[in-house]
Amino acid sequence: MQKKLFFAPDAIRYAVIGDPVAHSRSPGMQNAAFAEMGMGKPYGKFHVHPSELPDFIAFAREHLLGVNLTVPHKREVIPLLDEIDPAAALAGSVNTLRIEAGRITGYSTDGYGLIAALKEEFGIAPAGKHILFVGAGGAAQATAFSLAEAGAASIAIANRSVLRAEELAAAIGNACPKCRMSALALADRTGLGAQILGADVLIQATSLGLKPEDPPPFDPALLKGSRCAVFDTIYRRTPVLEGAQAAGLPAAGGRAMLIHQGARSFAIWTGREPDLDAMRRGFEEEPGSC
């Protein structure tokens, strides 16, 4: 395969990468924060296929100061880094790179973003709460460790592959033994219904809902009679959010999570706290869906 040559105008010093990435709202959000501080609009985006990731990282060492990563690069980038923040190493997931004199350090701000979003949307802190994750993929892996470290009383992980859920639950339990962990199959309707009834927060962490035609990852009728707040990591209207609203439950999509994790990335790069209102405006004005 011919080596891909990456190029960015001199003004671009930060970027988001993914496969796909055209839909990302991060450039509008981050550039609004940079502009608010009189730093121009230095944030761009690159479509990077998994096979191109090593070449992009080599390019970033020479030309960029910071990078955000989305699927499918959050795990695969780790061997290419010089250093990794302990929290990101624990989660096995990196979504933020800071580049100083060609040296790259990886961080994860997803857990921070989720905790801040739960507080903003529902007034909920993880400490003492019973939390149910639907999905055991990248979004759950990047955030569930943070909720356990923040004092969650229990975390249950429901996934199509129960083995994947069991592996993630075991890893979190080993790192955070005070948090009671469990795993179950999404197909276990009785078990899932019981977990929903006992949860304070349900976090929908699968990719189902990104496309309008996607089915829900579980039957939303199971939400009836529960008392949980429902958070969907996808920031468009999804079948899970519709089911939560029909059941009269507090519900929110992933907009606040993206903004807060992006704000944390901005602070890592610049040492300055961004204007969240500016980031919210930039998010709304940027064409895209996530």
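The values are calculated or read from the model by the stated rules, or taken from the named source; none is laboratory data. The model shown is predicted, which means the values in this text are computed figures rather than measured ones. Methodologically, a virtual Cβ is constructed for each residue, glycine included, from the backbone with ideal geometry; neighbour enumeration extends over all protein chains shown.
Assorted remarks:
- The residue of segment 125-173 that is nearest to the chain's Cα centre (by Cα), among those that are over 21 Å from ALA87 (Cβ atoms) and of a type in the set (A, V, I, L, M), is VAL134.
- Residues in segment 170-214 that are in contact (Cβ under 8 Å) with a residue 60 or more places away in the chain and β-branched (Val, Ile, Thr): ILE196, VAL201, ILE203, THR206.
- Within segment 242-254, if we keep just the residues that are touching a residue at least 40 places away in the same chain (Cβ under 8 Å) and surrounded by fewer than 22 Cβ atoms within 10 Å (Cβ to Cβ), the residue that is farthest from GLU284 (Cα to Cα) turns out to be PRO250.
- Residues that are part of a loop (DSSP other than H, G, I, E, B) and out of contact with any strand residue (DSSP E or B) (no Cβ under 8 Å at 6 or more places or on another chain) within segment 91-120 comprise GLY92, SER93, ALA101, GLY102, listed in sequence order.
- If you go through segment 181-223 and pick out every residue that is part of a loop (DSSP other than H, G, I, E, B), hydroxyl-bearing (Ser, Thr, Tyr) and either at pLDDT 95 or above or on the phi > 0 side of the Ramachandran plot (or both), you end up with 0.
- Scan of segment 242-266 for residues that are part of a helix (DSSP H, G or I) and farther than 18 Å from GLY225 by Cβ, ordered by number: ARG255, ALA256, MET257, LEU258, ILE259, HIS260, GLN261, GLY262, ALA263, ARG264, SER265, PHE266
- Residue check: GLU273 meets all listed conditions (1) part of a loop (DSSP other than H, G, I, E, B); (2) touching a residue at least 12 places away in the same chain (Cβ under 8 Å); (3) under 30 Å from GLU36 (Cα atoms) but one, namely (2).
- PRO177 being of a type outside the set (Lys, Arg), part of a loop (DSSP other than H, G, I, E, B), in contact with a strand residue (DSSP E or B) (Cβ under 6 Å, 6 or more places away or on another chain) and closer than 22 Å to ALA158 by Cα: no
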